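A short write-up of the structure that comes next.
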Amino acid sequence: MAGLELAQAGCRTVVVVAHLVDGTYELFRHFYGLRRFKKQDPPYGAVAGVLHTVLGMIEKGATHIGVATDHVVESFRNGLWPGYKTSEGMEPALFAQFHPLEDALAAMGVAVWPMVELEADDGLASAAHLASADARMEKVCIWTPDKDLAQCVSGERVVQMDRRANKLLDAGAVRLKYGVEPFRIPDLLALVGDSADGYPGIDGIGDVTARRLINRYGAIEDFPPEVLAGQRRELALLFKRLATLRTDAALFADVEALRWRGPTEGFDAWAAKVGDERLLARSRKAASVA
């Protein structure tokens, strides 16, 4: 993210910024975008779209960039709640591009983290945790519209960028949008549920009530028994565990592992496989000015 887009988001190119990208979301976005506008599912069409998106960020000044992906859709959370999201019903043409995306990104020289026991969201949360702990990082931008990631936002240093809406969420914007502090997002989701992830929340507690309770009592663990008791309390704590992103994935030891240094020799073959020679030309040109 740089140039006009970076200026709009408040991330300046004159400082070191870590750009953390939700690769699974981007793959979905490009897959359904192609289907909507071209009425087709090219074998590597969504992969090419994600590669062009990442290259666009590099061309606009991004120097440190990493992409988290769901190597498999299922995670440890499926063992906690039977209704948690799975790969069942996913478009075969989309699912077939999951692993090629990871290989193509690596060939393009981009740090990529395929998640197995954890989810891509956990990868992004872990990367944000590691990057923000480094004093060299002026800002950490998490590129996803997923509300789960709002819990990682911290002040104006760790922010969430919604490419779809072209909006940046710092801590103040998270409070304005969701009505709670960023670190209370897991409590909010536990109470109201998350249909995308497959858990329902607590019956009888809507968004307004959830915000009021959280702002009055804090964490669900601190709710008085008369507010949330018995099985409802147990369910709320389980859903909070589902909503709480892990930050302990050992993705890199030094933020310089995120620095893009140009495509590898193997990217020539991937550009040909994807069927888009523009990728090779763009990556080489970007590397020449990096």
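The values are calculated or read from the model by the stated rules, or taken from the named source; none is laboratory data. All values derive from a computational prediction rather than experimental measurement. Don't worry about glycine lacking a Cβ; one is built from the backbone with ideal geometry, like all the others, and counts go over all protein chains shown. Keep in mind that these areas ignore ligands, DNA and RNA; they rest on the heavy atoms of the full protein, side chains included. Shrake-Rupley method; radii C 1.70, N 1.55, O 1.52, S 1.80 Å.
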Candidate set from the range 244-271 (those that are under 19 Å from the mean Cα position of the chain (by Cα) and among the aliphatic types (A, V, I, L, M)); member that is farthest from residue 185 (Cα to Cα): 257
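Scan the range 37-51 and tell me whether some residue there is over 18 Å from the mean Cα position of the chain (by Cα), modelled with pLDDT under 95 and in a helix (DSSP H, G or I).
Keep residues of the range 37-51 that are over 18 Å from the mean Cα position of the chain (by Cα), which gives 37-45, 48.
Next, only the ones that are modelled with pLDDT under 95 stay: 37-43.
Those left that are additionally in a helix (DSSP H, G or I): 37-38.
Among the residues of the range 37-51, at least one is over 18 Å from the mean Cα position of the chain (by Cα), modelled with pLDDT under 95 and in a helix (DSSP H, G or I), which makes the answer yes.
Listed here are the residues, each with its yes/no results for (1) out of contact with any strand residue (DSSP E or B) (no Cβ under 9 Å at 6 or more places or on another chain); (2) without any contact (Cβ under 8 Å) to a residue 24 or more places away in the chain; (3) among the polar types (S, T, N, Q); (4) closer than 18 Å to residue 212 by Cα.
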position	(1), (2), (3), (4)
224	yes, yes, no, yes
228	yes, no, no, yes
233	yes, yes, no, yes
242	no, no, no, no
257	no, no, no, no
260	no, no, no, no
Complete set of residues in the range 153-162 that are touching a residue at least 60 places away in the same chain (Cβ under 8 Å) and either within 26 Å of residue 50 (Cβ to Cβ) or crowded, with 21+ Cβ neighbours inside 10 Å (or both): 159, 161
Any residue that is surrounded by 14 or more Cβ atoms within 10 Å (Cβ to Cβ), touching a Pro at 6+ places or on another chain (Cβ under 7 Å), β-branched (Val, Ile, Thr) and closer than 26 Å to residue 144 by Cα - is there at least one of those in the range 234-248? yes
From 89, 61, 66, residue being assigned to a loop (DSSP other than H, G, I, E, B) and open to solvent by less than 60 Å² (accessible area, probe 1.4 Å): 61
Mind checking which pairs have a first residue in the range 201-220 that is within 19 Å of residue 81 (Cβ to Cβ) and touching a residue at least 12 places away in the same chain (Cβ under 8 Å) and a second that is open to solvent by less than 40 Å² (accessible area, probe 1.4 Å) and part of a loop (DSSP other than H, G, I, E, B), Cβ under 6 Å, 6 or more apart or different chains? 201/193
Tell me whether the range 251-263 contains one or more residues that are outside any loop (DSSP other than H, G, I, E, B) and more than 20 Å from residue 66 (Cα to Cα). no
Picking from 274, 192, 174, the residue that is surrounded by 15 or more Cβ atoms within 10 Å (Cβ to Cβ), under 20 Å from the mean Cα position of the chain (by Cα) and in contact (Cβ under 8 Å) with a residue 12 or more places away in the chain would be 174
Name, by its number, the condition in (1) at pLDDT 95 or above; (2) closer than 26 Å to residue 198 by Cα; (3) not in a helix (DSSP H, G or I) that does not hold for residue 112. (2)
Checking the condition in contact with a Gly (Cβ under 6 Å, 6 or more places away or on another chain) and modelled with pLDDT of 90 or more, which residue from 27, 34 passes? 34
Within the range 195-229, track down each residue that is open to solvent by less than 50 Å² (accessible area, probe 1.4 Å) and either in a helix (DSSP H, G or I) or not hydrophobic (A, V, I, L, M, F, W, C) (or both). 197, 198, 199, 201, 206, 209, 210, 213, 214, 218, 220, 224
Determine if the range 274-289 includes at least one residue that is among the hydroxyl-bearing types (Ser, Thr, Tyr) and within 12 Å of residue 107 (Cα to Cα). yes
Among the residues of the range 122-152, what is the count of those that are closer than 15 Å to residue 22 by Cβ, open to solvent by 10 Å² or more (accessible area, probe 1.4 Å) and touching a strand residue (DSSP E or B) at 6+ places or on another chain (Cβ under 9 Å)? 4
